[in-house]
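K.L.:
This is the structure I have questions about; it appears just below.
The values are calculated or read from the model by the stated rules, or taken from the named source; none is laboratory data. A quick note: this is a predicted structure, and the numbers were derived from the prediction, not measured. Every residue, glycine among them, receives a Cβ derived from its backbone with ideal geometry; neighbour counts consider all protein chains shown. These area figures cover heavy atoms from the full protein model, side chains too; ligands, DNA and RNA do not enter into them. Shrake-Rupley method; radii C 1.70, N 1.55, O 1.52, S 1.80 Å.
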Amino acid sequence: MANLDEQWTKVRKILEEKIPSGSYNAWVLPLVPSELCDGKITLLTPHGFTAMTLKTSYGDVIAKALSEVFGENLNFEILQDEKLLEAYEKEQKKSKKSDRTQTENQFKESKYDGLKQMLSDCHLNTKYKFENFIVGGANKFAYGVSKGIAEGKSLGNPLFIYGGSGLGKTHLLHAIGYYAMTKRNKRVKYVTAEEFLNDLLEHLYLGGEKETFKKGAEKSKKMIKFRQKYRDVDYLLIDDIQFIAGKERTEEEMFNTFNTLYSAGKQIVITSDKPPAEIDHLSDRLKTRFEGGLLVDIGIPDLETRMAIVKQLVNTDGAIHLSLEVIEFLAQVYKNNIRELEKGFNNVNAYCSIFEKEPTLDVVKKAINYHDDKKQITVDVVIDEVAKFYGLMVDDIKGPSRLGKIAYARKVAVYITRELLGSSWQSIGDSLGGRKHTTIMVSHKSIEDEKRISSKLCDEINTLFNIINQL
Ligand code: ADP
Ligand code: MG
(Lines give C-alpha, C1' and ligand atoms only; values in the text may rest on other atoms or scores of the structure.)
(Ligands and ions follow the chains in the order given, each with its own letter.)
Protein backbone atom coordinates (compact mmCIF):
# COMPACT_ATOMS: atom_id res chain seq x y z
CA MET A 1 0.00 0.00 0.00
CA ALA A 2 2.84 2.35 0.98
CA ASN A 3 4.28 1.52 -2.38
CA LEU A 4 1.10 2.47 -4.19
CA ASP A 5 1.03 5.77 -2.30
CA GLU A 6 4.61 6.49 -3.33
CA GLN A 7 3.90 5.70 -6.96
CA TRP A 8 0.82 7.88 -6.85
CA THR A 9 2.87 10.76 -5.43
CA LYS A 10 5.07 10.46 -8.52
CA VAL A 11 2.03 10.48 -10.79
CA ARG A 12 0.76 13.56 -9.00
CA LYS A 13 4.07 15.37 -9.56
CA ILE A 14 3.77 14.78 -13.31
CA LEU A 15 0.14 15.88 -13.33
CA GLU A 16 0.98 19.02 -11.37
CA GLU A 17 3.07 20.20 -14.30
CA LYS A 18 0.54 19.25 -16.96
CA ILE A 19 -2.73 20.42 -15.42
CA PRO A 20 -3.48 24.09 -14.61
CA SER A 21 -3.07 24.69 -10.90
CA GLY A 22 -6.74 25.56 -10.18
CA SER A 23 -7.94 22.32 -11.73
CA TYR A 24 -5.08 20.35 -10.23
CA ASN A 25 -5.92 21.54 -6.72
CA ALA A 26 -9.62 20.96 -7.19
CA TRP A 27 -9.56 17.60 -8.92
CA VAL A 28 -6.27 15.79 -8.54
CA LEU A 29 -5.13 16.72 -5.06
CA PRO A 30 -8.10 15.16 -3.23
CA LEU A 31 -7.68 11.81 -5.05
CA VAL A 32 -6.56 8.89 -2.91
CA PRO A 33 -5.27 5.67 -4.53
CA SER A 34 -7.13 2.68 -3.17
CA GLU A 35 -5.98 -0.38 -5.07
CA LEU A 36 -4.04 -1.60 -8.05
CA CYS A 37 -5.37 -4.82 -9.44
CA ASP A 38 -5.46 -6.52 -12.83
CA GLY A 39 -4.01 -3.61 -14.73
CA LYS A 40 -6.33 -1.09 -13.17
CA ILE A 41 -5.82 1.51 -10.50
CA THR A 42 -8.80 2.64 -8.42
CA LEU A 43 -8.79 6.21 -7.13
CA LEU A 44 -11.19 7.56 -4.54
CA THR A 45 -12.59 11.08 -4.47
CA PRO A 46 -14.78 12.94 -2.00
CA HIS A 47 -16.85 14.50 -4.79
CA GLY A 48 -19.07 12.59 -7.19
CA PHE A 49 -18.66 15.07 -10.02
CA THR A 50 -14.85 14.68 -10.08
CA ALA A 51 -14.89 11.39 -11.95
CA MET A 52 -16.67 12.68 -15.04
CA THR A 53 -14.68 15.91 -15.22
CA LEU A 54 -11.30 14.23 -14.84
CA LYS A 55 -12.11 11.49 -17.32
CA THR A 56 -13.39 13.81 -20.02
CA SER A 57 -10.92 16.70 -19.56
CA TYR A 58 -7.73 14.99 -18.47
CA GLY A 59 -8.21 11.29 -19.21
CA ASP A 60 -5.30 11.16 -21.68
CA VAL A 61 -2.92 13.13 -19.46
CA ILE A 62 -3.64 10.86 -16.51
CA ALA A 63 -3.27 7.69 -18.59
CA LYS A 64 0.10 8.91 -19.85
CA ALA A 65 1.38 9.84 -16.38
CA LEU A 66 0.28 6.43 -15.06
CA SER A 67 2.13 4.57 -17.79
CA GLU A 68 5.27 6.68 -17.19
CA VAL A 69 5.35 5.82 -13.50
CA PHE A 70 4.10 2.23 -13.57
CA GLY A 71 5.82 1.30 -16.83
CA GLU A 72 2.66 -0.18 -18.33
CA ASN A 73 -0.64 1.02 -19.70
CA LEU A 74 -3.03 1.07 -16.76
CA ASN A 75 -6.77 1.60 -16.81
CA PHE A 76 -8.07 3.83 -14.07
CA GLU A 77 -11.39 4.36 -12.39
CA ILE A 78 -12.48 7.11 -10.02
CA LEU A 79 -15.11 6.34 -7.39
CA GLN A 80 -16.78 8.56 -4.85
CA ASP A 81 -16.03 7.65 -1.24
CA GLU A 82 -18.33 8.65 1.60
CA LYS A 83 -15.57 8.68 4.23
CA LEU A 84 -13.49 11.12 2.22
CA LEU A 85 -16.53 13.35 1.81
CA GLU A 86 -17.12 13.34 5.57
CA ALA A 87 -13.46 14.18 6.24
CA TYR A 88 -13.57 16.91 3.64
CA GLU A 89 -16.66 18.48 5.21
CA LYS A 90 -15.18 18.31 8.69
CA GLU A 91 -12.08 20.09 7.43
CA GLN A 92 -14.24 22.76 5.78
CA LYS A 93 -16.21 23.38 8.94
CA LYS A 94 -13.08 23.54 11.07
CA SER A 95 -11.45 26.13 8.89
CA LYS A 96 -14.55 28.33 8.89
CA LYS A 97 -15.14 28.22 12.63
CA SER A 98 -12.69 30.92 13.69
CA ASP A 99 -14.61 33.14 16.08
CA ARG A 100 -14.62 30.91 19.14
CA THR A 101 -11.75 31.59 21.50
CA GLN A 102 -9.52 28.83 22.71
CA THR A 103 -10.63 29.18 26.31
CA GLU A 104 -14.24 28.86 25.30
CA ASN A 105 -13.37 25.73 23.40
CA GLN A 106 -11.50 24.20 26.28
CA PHE A 107 -14.36 24.92 28.64
CA LYS A 108 -16.89 23.37 26.31
CA GLU A 109 -14.76 20.32 25.73
CA SER A 110 -14.14 19.59 29.39
CA LYS A 111 -17.79 20.10 30.26
CA TYR A 112 -18.97 17.71 27.59
CA ASP A 113 -16.19 15.13 27.79
CA GLY A 114 -18.08 12.93 30.26
CA LEU A 115 -21.28 13.09 28.26
CA LYS A 116 -19.44 12.47 25.02
CA GLN A 117 -17.89 9.34 26.49
CA MET A 118 -21.26 8.09 27.70
CA LEU A 119 -22.86 8.69 24.35
CA SER A 120 -20.15 6.88 22.50
CA ASP A 121 -20.37 3.92 24.93
CA CYS A 122 -24.04 3.62 23.97
CA HIS A 123 -23.15 4.02 20.29
CA LEU A 124 -25.31 7.12 19.98
CA ASN A 125 -24.70 9.63 17.22
CA THR A 126 -25.38 13.11 18.55
CA LYS A 127 -26.02 14.37 15.04
CA TYR A 128 -29.47 12.86 15.26
CA LYS A 129 -31.82 14.55 17.72
CA PHE A 130 -35.53 15.36 17.89
CA GLU A 131 -34.66 19.05 17.59
CA ASN A 132 -33.26 18.65 14.10
CA PHE A 133 -35.85 16.18 12.82
CA ILE A 134 -38.20 18.06 10.50
CA VAL A 135 -41.76 16.95 10.98
CA GLY A 136 -44.28 16.73 8.11
CA GLY A 137 -47.39 14.71 7.27
CA ALA A 138 -45.56 11.51 6.38
CA ASN A 139 -43.42 11.24 9.50
CA LYS A 140 -45.59 13.04 12.06
CA PHE A 141 -46.89 9.88 13.68
CA ALA A 142 -43.49 8.18 13.77
CA TYR A 143 -41.99 11.32 15.33
CA GLY A 144 -44.79 11.72 17.89
CA VAL A 145 -44.65 8.15 19.04
CA SER A 146 -40.84 8.16 19.19
CA LYS A 147 -40.86 11.29 21.33
CA GLY A 148 -43.52 9.78 23.60
CA ILE A 149 -41.50 6.59 24.03
CA ALA A 150 -38.37 8.62 24.81
CA GLU A 151 -40.36 10.50 27.48
CA GLY A 152 -41.28 7.19 29.06
CA LYS A 153 -44.91 6.87 27.93
CA SER A 154 -46.23 3.34 27.54
CA LEU A 155 -47.31 3.41 23.93
CA GLY A 156 -46.31 -0.08 22.89
CA ASN A 157 -43.49 -2.53 23.30
CA PRO A 158 -41.67 -2.93 21.04
CA LEU A 159 -42.09 0.21 19.01
CA PHE A 160 -41.50 -1.03 15.48
CA ILE A 161 -40.75 1.69 12.90
CA TYR A 162 -40.61 0.64 9.25
CA GLY A 163 -40.22 2.40 5.91
CA GLY A 164 -37.98 2.90 2.87
CA SER A 165 -34.33 3.82 2.86
CA GLY A 166 -33.23 7.32 3.84
CA LEU A 167 -36.49 8.37 5.47
CA GLY A 168 -35.26 9.01 9.01
CA LYS A 169 -35.60 5.70 10.87
CA THR A 170 -32.03 5.69 12.17
CA HIS A 171 -32.34 9.39 12.99
CA LEU A 172 -35.38 8.75 15.19
CA LEU A 173 -33.74 5.79 16.90
CA HIS A 174 -30.73 7.86 17.95
CA ALA A 175 -33.00 10.74 18.95
CA ILE A 176 -34.93 8.45 21.31
CA GLY A 177 -31.67 7.26 22.84
CA TYR A 178 -30.22 10.73 23.21
CA TYR A 179 -33.35 12.11 24.82
CA ALA A 180 -33.86 9.20 27.23
CA MET A 181 -30.25 9.32 28.26
CA THR A 182 -29.58 13.03 28.59
CA LYS A 183 -33.00 14.16 29.87
CA ARG A 184 -34.06 11.11 31.87
CA ASN A 185 -30.81 9.46 32.86
CA LYS A 186 -31.83 6.16 31.32
CA ARG A 187 -29.45 3.40 30.32
CA VAL A 188 -29.53 3.12 26.57
CA LYS A 189 -27.97 0.83 23.99
CA TYR A 190 -28.11 1.41 20.26
CA VAL A 191 -27.07 -1.43 17.98
CA THR A 192 -27.56 -2.33 14.35
CA ALA A 193 -28.75 -5.89 13.80
CA GLU A 194 -25.56 -6.48 11.86
CA GLU A 195 -23.38 -5.35 14.80
CA PHE A 196 -25.43 -7.55 17.11
CA LEU A 197 -24.75 -10.53 14.85
CA ASN A 198 -21.02 -9.81 14.61
CA ASP A 199 -20.73 -9.24 18.33
CA LEU A 200 -22.49 -12.52 19.00
CA LEU A 201 -20.18 -14.42 16.65
CA GLU A 202 -17.15 -12.88 18.31
CA HIS A 203 -18.34 -14.04 21.71
CA LEU A 204 -19.21 -17.50 20.47
CA TYR A 205 -16.14 -18.34 18.48
CA LEU A 206 -12.45 -17.91 19.16
CA GLY A 207 -10.75 -15.35 16.92
CA GLY A 208 -13.60 -15.59 14.47
CA GLU A 209 -12.69 -19.21 13.60
CA LYS A 210 -15.93 -21.11 13.46
CA GLU A 211 -14.26 -24.47 14.05
CA THR A 212 -12.70 -23.53 17.38
CA PHE A 213 -15.58 -23.12 19.77
CA LYS A 214 -14.64 -21.33 22.94
CA LYS A 215 -14.39 -23.87 25.63
CA GLY A 216 -16.53 -24.33 28.74
CA ALA A 217 -16.05 -21.70 31.39
CA GLU A 218 -14.38 -19.16 29.18
CA LYS A 219 -17.20 -19.31 26.70
CA SER A 220 -19.96 -18.96 29.25
CA LYS A 221 -18.16 -16.02 30.90
CA LYS A 222 -17.97 -14.30 27.56
CA MET A 223 -21.63 -14.97 26.87
CA ILE A 224 -22.64 -13.54 30.23
CA LYS A 225 -20.78 -10.36 29.32
CA PHE A 226 -22.43 -10.27 25.93
CA ARG A 227 -25.89 -10.71 27.44
CA GLN A 228 -25.31 -8.05 30.09
CA LYS A 229 -24.43 -5.56 27.42
CA TYR A 230 -27.82 -5.89 25.75
CA ARG A 231 -29.97 -6.76 28.74
CA ASP A 232 -28.74 -4.33 31.41
CA VAL A 233 -30.47 -1.37 29.80
CA ASP A 234 -33.69 0.61 29.97
CA TYR A 235 -33.86 1.16 26.22
CA LEU A 236 -32.59 -1.26 23.60
CA LEU A 237 -32.59 0.33 20.14
CA ILE A 238 -32.13 -2.12 17.27
CA ASP A 239 -31.61 -0.76 13.78
CA ASP A 240 -32.36 -2.63 10.53
CA ILE A 241 -33.63 -5.83 12.13
CA GLN A 242 -34.27 -7.37 8.68
CA PHE A 243 -30.56 -8.14 8.58
CA ILE A 244 -30.82 -11.07 11.00
CA ALA A 245 -33.71 -12.75 9.18
CA GLY A 246 -32.88 -16.39 8.54
CA LYS A 247 -29.73 -16.31 10.70
CA GLU A 248 -30.95 -18.83 13.22
CA ARG A 249 -28.44 -18.50 16.03
CA THR A 250 -28.70 -14.71 16.02
CA GLU A 251 -32.49 -14.83 15.84
CA GLU A 252 -32.51 -17.10 18.87
CA GLU A 253 -30.25 -14.77 20.86
CA MET A 254 -32.37 -11.80 19.81
CA PHE A 255 -35.52 -13.64 20.86
CA ASN A 256 -34.09 -14.33 24.32
CA THR A 257 -32.80 -10.77 24.68
CA PHE A 258 -36.22 -9.51 23.68
CA ASN A 259 -38.05 -11.69 26.20
CA THR A 260 -35.74 -10.73 29.07
CA LEU A 261 -36.16 -7.02 28.43
CA TYR A 262 -39.86 -7.28 27.72
CA SER A 263 -40.68 -9.12 30.90
CA ALA A 264 -38.59 -6.66 32.91
CA GLY A 265 -40.71 -3.84 31.46
CA LYS A 266 -37.84 -2.32 29.48
CA GLN A 267 -38.48 -0.48 26.23
CA ILE A 268 -37.39 -1.95 22.90
CA VAL A 269 -37.43 0.05 19.68
CA ILE A 270 -36.82 -1.64 16.36
CA THR A 271 -36.51 -0.39 12.79
CA SER A 272 -36.81 -2.24 9.52
CA ASP A 273 -37.36 -1.61 5.84
CA LYS A 274 -40.59 -3.65 5.95
CA PRO A 275 -43.30 -4.51 8.48
CA PRO A 276 -42.59 -7.76 10.40
CA ALA A 277 -45.03 -9.87 8.38
CA GLU A 278 -43.21 -9.02 5.16
CA ILE A 279 -39.66 -9.75 6.32
CA ASP A 280 -38.70 -12.88 4.41
CA HIS A 281 -37.26 -15.75 6.45
CA LEU A 282 -37.82 -14.07 9.82
CA SER A 283 -38.99 -16.71 12.28
CA ASP A 284 -42.67 -16.71 13.17
CA ARG A 285 -41.98 -16.31 16.88
CA LEU A 286 -40.06 -13.06 16.29
CA LYS A 287 -42.73 -11.82 13.87
CA THR A 288 -45.39 -12.47 16.52
CA ARG A 289 -43.39 -10.64 19.20
CA PHE A 290 -42.77 -7.66 16.97
CA GLU A 291 -46.38 -7.46 15.86
CA GLY A 292 -47.49 -7.46 19.48
CA GLY A 293 -46.11 -3.95 19.90
CA LEU A 294 -46.83 -0.71 18.09
CA LEU A 295 -46.17 -0.75 14.33
CA VAL A 296 -45.49 2.63 12.76
CA ASP A 297 -44.93 3.37 9.10
CA ILE A 298 -42.63 6.26 8.11
CA GLY A 299 -43.43 7.66 4.67
CA ILE A 300 -41.80 9.91 2.07
CA PRO A 301 -41.88 13.56 3.20
CA ASP A 302 -43.82 15.98 0.99
CA LEU A 303 -42.20 18.84 -0.93
CA GLU A 304 -42.50 21.42 1.88
CA THR A 305 -40.94 19.06 4.39
CA ARG A 306 -38.09 18.29 2.01
CA MET A 307 -37.55 22.02 1.48
CA ALA A 308 -37.45 22.56 5.23
CA ILE A 309 -34.81 19.83 5.49
CA VAL A 310 -32.64 21.59 2.87
CA LYS A 311 -33.13 24.91 4.68
CA GLN A 312 -31.87 23.30 7.84
CA LEU A 313 -28.77 22.04 6.00
CA VAL A 314 -28.18 25.56 4.67
CA ASN A 315 -28.24 26.84 8.25
CA THR A 316 -25.52 24.50 9.50
CA ASP A 317 -22.04 25.83 10.21
CA GLY A 318 -19.95 26.53 7.18
CA ALA A 319 -22.64 25.73 4.59
CA ILE A 320 -23.30 27.97 1.60
CA HIS A 321 -26.41 30.09 1.31
CA LEU A 322 -29.01 28.89 -1.21
CA SER A 323 -31.89 30.86 -2.71
CA LEU A 324 -35.42 29.61 -2.21
CA GLU A 325 -35.56 28.73 -5.91
CA VAL A 326 -32.52 26.46 -5.56
CA ILE A 327 -33.83 24.92 -2.34
CA GLU A 328 -37.09 24.06 -4.08
CA PHE A 329 -35.23 22.71 -7.09
CA LEU A 330 -33.16 20.32 -4.94
CA ALA A 331 -36.27 19.20 -3.04
CA GLN A 332 -37.98 18.51 -6.38
CA VAL A 333 -35.09 16.50 -7.80
CA TYR A 334 -34.60 14.26 -4.76
CA LYS A 335 -38.09 13.03 -4.09
CA ASN A 336 -37.81 9.67 -2.39
CA ASN A 337 -34.84 9.63 -0.10
CA ILE A 338 -33.55 12.24 2.33
CA ARG A 339 -30.09 10.70 2.34
CA GLU A 340 -29.88 11.33 -1.42
CA LEU A 341 -31.19 14.86 -0.89
CA GLU A 342 -28.43 15.49 1.66
CA LYS A 343 -25.84 14.08 -0.74
CA GLY A 344 -27.10 16.39 -3.48
CA PHE A 345 -26.82 19.34 -1.11
CA ASN A 346 -23.29 18.30 -0.07
CA ASN A 347 -22.24 18.10 -3.71
CA VAL A 348 -23.53 21.62 -4.30
CA ASN A 349 -21.75 22.86 -1.18
CA ALA A 350 -18.44 21.28 -2.17
CA TYR A 351 -18.70 22.31 -5.82
CA CYS A 352 -19.41 25.95 -5.00
CA SER A 353 -16.70 26.26 -2.40
CA ILE A 354 -14.04 24.60 -4.56
CA PHE A 355 -14.82 26.81 -7.55
CA GLU A 356 -15.83 29.81 -5.45
CA LYS A 357 -19.05 30.03 -7.45
CA GLU A 358 -22.42 31.49 -6.52
CA PRO A 359 -24.98 28.69 -6.33
CA THR A 360 -27.22 29.83 -9.16
CA LEU A 361 -29.66 27.30 -10.59
CA ASP A 362 -27.31 26.57 -13.51
CA VAL A 363 -24.31 26.05 -11.25
CA VAL A 364 -26.34 23.77 -9.00
CA LYS A 365 -27.47 21.67 -11.97
CA LYS A 366 -23.85 21.20 -12.94
CA ALA A 367 -22.84 20.31 -9.40
CA ILE A 368 -25.37 17.50 -9.23
CA ASN A 369 -24.97 16.44 -12.88
CA TYR A 370 -28.56 17.30 -13.72
CA HIS A 371 -29.63 17.66 -17.34
CA ASP A 372 -32.86 19.53 -18.11
CA ASP A 373 -33.67 18.34 -21.55
CA LYS A 374 -31.71 15.16 -21.24
CA LYS A 375 -33.00 11.96 -19.83
CA GLN A 376 -31.42 11.25 -16.43
CA ILE A 377 -29.11 8.31 -17.01
CA THR A 378 -29.74 5.50 -14.57
CA VAL A 379 -28.95 1.80 -14.52
CA ASP A 380 -32.39 1.12 -15.97
CA VAL A 381 -31.79 3.51 -18.86
CA VAL A 382 -28.53 1.69 -19.64
CA ILE A 383 -30.19 -1.72 -19.49
CA ASP A 384 -32.97 -0.46 -21.75
CA GLU A 385 -30.56 0.83 -24.39
CA VAL A 386 -28.35 -2.26 -24.28
CA ALA A 387 -31.41 -4.48 -24.72
CA LYS A 388 -32.60 -2.45 -27.73
CA PHE A 389 -29.11 -2.48 -29.24
CA TYR A 390 -28.87 -6.28 -29.14
CA GLY A 391 -32.52 -6.82 -30.10
CA LEU A 392 -33.48 -8.25 -26.71
CA MET A 393 -36.13 -7.55 -24.09
CA VAL A 394 -35.24 -5.83 -20.80
CA ASP A 395 -36.67 -8.86 -19.01
CA ASP A 396 -34.19 -11.12 -20.84
CA ILE A 397 -31.30 -9.12 -19.46
CA LYS A 398 -32.68 -8.98 -15.93
CA GLY A 399 -33.81 -12.60 -16.02
CA PRO A 400 -31.99 -15.86 -15.27
CA SER A 401 -31.20 -16.98 -18.84
CA ARG A 402 -27.59 -17.93 -19.52
CA LEU A 403 -28.06 -18.12 -23.29
CA GLY A 404 -24.91 -16.80 -24.99
CA LYS A 405 -26.45 -13.72 -26.57
CA ILE A 406 -28.34 -12.71 -23.44
CA ALA A 407 -25.45 -13.30 -21.04
CA TYR A 408 -23.18 -11.30 -23.34
CA ALA A 409 -25.57 -8.31 -23.46
CA ARG A 410 -25.95 -8.50 -19.69
CA LYS A 411 -22.19 -8.27 -19.23
CA VAL A 412 -22.04 -5.29 -21.56
CA ALA A 413 -24.79 -3.60 -19.51
CA VAL A 414 -22.73 -4.17 -16.35
CA TYR A 415 -19.62 -2.74 -17.96
CA ILE A 416 -21.32 0.37 -19.31
CA THR A 417 -23.17 1.07 -16.07
CA ARG A 418 -20.01 0.83 -14.03
CA GLU A 419 -17.93 2.96 -16.40
CA LEU A 420 -20.58 5.58 -17.03
CA LEU A 421 -22.25 5.89 -13.64
CA GLY A 422 -19.63 4.49 -11.25
CA SER A 423 -22.45 2.57 -9.50
CA SER A 424 -21.52 0.09 -6.78
CA TRP A 425 -21.31 -3.60 -7.69
CA GLN A 426 -24.21 -4.36 -5.41
CA SER A 427 -26.52 -1.71 -6.81
CA ILE A 428 -25.83 -2.93 -10.35
CA GLY A 429 -26.56 -6.47 -9.16
CA ASP A 430 -29.83 -5.31 -7.58
CA SER A 431 -30.93 -3.65 -10.81
CA LEU A 432 -30.09 -6.75 -12.79
CA GLY A 433 -32.61 -8.95 -11.08
CA GLY A 434 -30.84 -9.35 -7.72
CA ARG A 435 -27.48 -10.75 -8.78
CA LYS A 436 -24.56 -11.05 -6.35
CA HIS A 437 -21.91 -8.33 -6.32
CA THR A 438 -19.20 -10.91 -7.04
CA THR A 439 -21.05 -12.02 -10.20
CA ILE A 440 -21.17 -8.41 -11.35
CA MET A 441 -17.45 -7.91 -10.69
CA VAL A 442 -16.61 -11.00 -12.73
CA SER A 443 -18.84 -9.81 -15.60
CA HIS A 444 -17.13 -6.43 -15.64
CA LYS A 445 -13.70 -8.00 -15.65
CA SER A 446 -14.58 -10.40 -18.46
CA ILE A 447 -15.66 -7.50 -20.71
CA GLU A 448 -12.54 -5.57 -19.81
CA ASP A 449 -10.40 -8.56 -20.81
CA GLU A 450 -12.32 -9.24 -23.97
CA LYS A 451 -12.13 -5.62 -25.06
CA ARG A 452 -8.37 -5.99 -25.31
CA ILE A 453 -8.69 -8.63 -28.00
CA SER A 454 -11.98 -7.87 -29.71
CA SER A 455 -12.32 -4.74 -31.81
CA LYS A 456 -15.95 -5.71 -32.49
CA LEU A 457 -16.73 -5.48 -28.78
CA CYS A 458 -14.86 -2.15 -28.53
CA ASP A 459 -16.96 -0.76 -31.37
CA GLU A 460 -20.20 -1.96 -29.81
CA ILE A 461 -19.33 -0.40 -26.48
CA ASN A 462 -18.28 2.90 -28.03
CA THR A 463 -21.51 3.04 -30.03
CA LEU A 464 -23.52 2.35 -26.90
CA PHE A 465 -21.64 5.04 -24.96
CA ASN A 466 -22.51 7.50 -27.71
CA ILE A 467 -26.14 6.48 -27.88
CA ILE A 468 -26.55 6.80 -24.11
CA ASN A 469 -24.67 10.08 -23.83
CA GLN A 470 -26.90 11.63 -26.47
CA LEU A 471 -30.19 10.68 -24.84
P1 ADP B 1 -33.07 5.51 7.31
O2 ADP B 1 -32.51 4.96 8.57
O3 ADP B 1 -34.56 5.52 7.27
O4 ADP B 1 -32.50 4.87 6.06
P5 ADP B 1 -31.73 7.91 8.15
O6 ADP B 1 -32.33 8.08 9.49
O7 ADP B 1 -30.34 7.39 8.08
O8 ADP B 1 -32.67 7.03 7.20
O9 ADP B 1 -31.82 9.29 7.37
C10 ADP B 1 -30.98 9.64 6.28
C11 ADP B 1 -30.53 11.06 6.42
O12 ADP B 1 -31.64 11.92 6.25
C13 ADP B 1 -29.96 11.35 7.81
O14 ADP B 1 -28.85 12.20 7.69
C15 ADP B 1 -31.11 12.04 8.52
O16 ADP B 1 -30.64 12.97 9.48
C17 ADP B 1 -31.82 12.75 7.38
N18 ADP B 1 -33.27 12.87 7.63
C19 ADP B 1 -34.23 11.98 7.34
N20 ADP B 1 -35.43 12.42 7.69
C21 ADP B 1 -35.25 13.65 8.22
C22 ADP B 1 -36.10 14.65 8.75
N23 ADP B 1 -37.42 14.48 8.81
N24 ADP B 1 -35.53 15.79 9.20
C25 ADP B 1 -34.20 16.00 9.11
N26 ADP B 1 -33.35 15.10 8.62
C27 ADP B 1 -33.85 13.94 8.16
MG1 MG C 1 -31.07 3.45 8.79
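K.L.:
Residues to consider are ASP430, ASP395; find the one that is open to solvent by 70 Å² or more (accessible area, probe 1.4 Å) and over 25 Å from ILE78 (Cα atoms).
P.N.:
ASP395
K.L.:
Now for a separate question. Working only within the range 167-196, note down all residues that are in a loop (DSSP other than H, G, I, E, B) and within 11 Å of ligand 2 (Cβ to nearest atom).
P.N.:
LEU167, GLY168
K.L.:
How many residues are outside any helix (DSSP H, G or I) and either touching a helix residue (DSSP H, G or I) at 6+ places or on another chain (Cβ under 6 Å) or closer than 22 Å to LYS147 by Cβ (or both) when one looks only at the range 282-291?
P.N.:
Looking only at that region, the number is 1.
K.L.:
Okay, next question. Working only within the range 357-371, note down all residues that are under 14 Å from HIS321 (Cβ atoms) and either β-branched (Val, Ile, Thr) or without any contact (Cβ under 8 Å) to a residue 12 or more places away in the chain (or both).
P.N.:
LYS357, GLU358, THR360, VAL363, VAL364 - these are the residues of the range 357-371 that are under 14 Å from HIS321 (Cβ atoms) and either β-branched (Val, Ile, Thr) or without any contact (Cβ under 8 Å) to a residue 12 or more places away in the chain (or both).
K.L.:
Where the second residue is more than 6 Å from ligand 1 (Cβ to nearest atom) and in a helix (DSSP H, G or I) and the first is within 13 Å of ILE241 (Cβ to Cβ) and lies in the range 160-174, which pairs have Cβ atoms under 6 Å and are six or more apart or on separate chains?
P.N.:
PHE160/PHE290; ILE161/ALA142
K.L.:
Is it fair to say ALA87 is at pLDDT 65 or above, closer than 20 Å to GLU16 by Cα and of a type outside the set (Val, Ile, Thr)?
P.N.:
no
K.L.:
Can you find a residue in the range 201-208 that is closer than 24 Å to LYS287 by Cα and surrounded by fewer than 22 Cβ atoms within 10 Å (Cβ to Cβ)?
P.N.:
Among the residues of the range 201-208, at least one is closer than 24 Å to LYS287 by Cα and surrounded by fewer than 22 Cβ atoms within 10 Å (Cβ to Cβ), which makes the answer yes.
K.L.:
In the range 247-284, which residue that is of a type in the set (S, T, N, Q) and under 23 Å from the mean Cα position of the chain (by Cα) is nearest to ligand 2 (Cβ to nearest atom)?
P.N.:
That would be THR271.
K.L.:
A further question on this structure: Under the condition of being touching a residue at least 24 places away in the same chain (Cβ under 8 Å) and exposed (fewer than 13 other Cβ atoms within 10 Å of the Cβ), which residue from the range 324-335 is farthest from HIS371 (Cα to Cα)?
P.N.:
This residue is GLU325.
K.L.:
Shifting gears a bit: Open to solvent by less than 60 Å² (accessible area, probe 1.4 Å), assigned to a loop (DSSP other than H, G, I, E, B) and in contact with a helix residue (DSSP H, G or I) (Cβ under 9 Å, 6 or more places away or on another chain): does that describe SER446?
P.N.:
So SER446 fails the test.
K.L.:
Tell me the residue from SER283, SER272 that is away from ligand 1 (no atom under 16 Å from the Cβ) and on the phi < 0 side of the Ramachandran plot, please.
P.N.:
Within the list SER283, SER272, the selection yields SER283.
K.L.:
Still on this structure, I have one more. Quick one: which helices (runs of 4 or more DSSP H) lie wholly within the range 379-426 and hold at least 2 residues that are out of contact with any His (no Cβ under 8 Å at 6 or more places or on another chain) and farther than 13 Å from ILE468 by Cα?
P.N.:
Correct list: 394-398, 404-421.
K.L.:
A further question on this structure: Just need a number here: residues in the range 226-243 that are open to solvent by less than 10 Å² (accessible area, probe 1.4 Å) and of a type in the set (Asp, Glu).
P.N.:
1
K.L.:
Which ones in the range 449-471 are without any contact (Cβ under 8 Å) to a residue 40 or more places away in the chain, of a type in the set (Ser, Thr, Tyr) and in a helix (DSSP H, G or I)?
P.N.:
SER455
K.L.:
Tally the residues that are farther than 24 Å from VAL314 by Cβ and β-branched (Val, Ile, Thr), restricting the search to the range 132-168.
P.N.:
3
K.L.:
Where residues in the range 217-245 are within 15 Å of ligand 2 (Cβ to nearest atom) and charged (D, E, K, R), which of them is nearest to GLY265 (Cα to Cα)?
P.N.:
By that ranking, first place goes to ASP239.
K.L.:
Got a number for residues in the range 133-189 being surrounded by 24 or more Cβ atoms within 10 Å (Cβ to Cβ) and of a type in the set (Val, Ile, Thr)?
P.N.:
Residues in the range 133-189 being surrounded by 24 or more Cβ atoms within 10 Å (Cβ to Cβ) and of a type in the set (Val, Ile, Thr): 4 in total.
K.L.:
Oh, and also: Does any residue in the range 253-276 that is closer than 26 Å to ILE298 by Cα and part of a loop (DSSP other than H, G, I, E, B) come within less than 6 Å, Cβ to Cβ, of a residue that is within 16 Å of ligand 2 (Cβ to nearest atom) and among the hydrophobic types (A, V, I, L, M, F, W, C) six or more places away or on a different chain, and which pairs are these?
P.N.:
none
K.L.:
Follow-up question, since we're still on this one. May I ask you to verify whether GLY246 is open to solvent by 20 Å² or more (accessible area, probe 1.4 Å), in a loop (DSSP other than H, G, I, E, B) and modelled with pLDDT of 95 or more?
P.N.:
no
K.L.:
For the range 143-167, give me each residue that is touching a strand residue (DSSP E or B) at 6+ places or on another chain (Cβ under 9 Å) and within 12 Å of ligand 1 (Cβ to nearest atom).
P.N.:
Scanning the range 143-167 gives SER146, ILE161, TYR162, GLY163.
K.L.:
While we're here: Within the range 250-269, count every residue that is aliphatic (A, V, I, L, M), away from ligand 1 (no atom under 16 Å from the Cβ) and either under 13 Å from PHE290 (Cα atoms) or touching a Leu at 6+ places or on another chain (Cβ under 9 Å) (or both).
P.N.:
Within the range 250-269, residues that are aliphatic (A, V, I, L, M), away from ligand 1 (no atom under 16 Å from the Cβ) and either under 13 Å from PHE290 (Cα atoms) or touching a Leu at 6+ places or on another chain (Cβ under 9 Å) (or both) number 3.
K.L.:
Going by the structure shown, is ASN75 at pLDDT 85 or above, over 27 Å from GLU342 (Cα atoms) and either touching a Lys or Arg at 6+ places or on another chain (Cβ under 9 Å) or within 15 Å of ligand 1 (Cβ to nearest atom) (or both)?
P.N.:
yes
K.L.:
Take the conditions modelled with pLDDT of 95 or more, open to solvent by 10 Å² or more (accessible area, probe 1.4 Å) and small (Gly, Ala, Ser) and apply them to GLY299. Does it pass?
P.N.:
Judged against the criteria, GLY299 is not a match.
K.L.:
With respect to SER272, determine if the residue is in contact with an Asp or Glu (Cβ under 7 Å, 6 or more places away or on another chain), open to solvent by 10 Å² or more (accessible area, probe 1.4 Å) and within 26 Å of LYS189 (Cα to Cα).
P.N.:
Judged against the criteria, SER272 is not a match.
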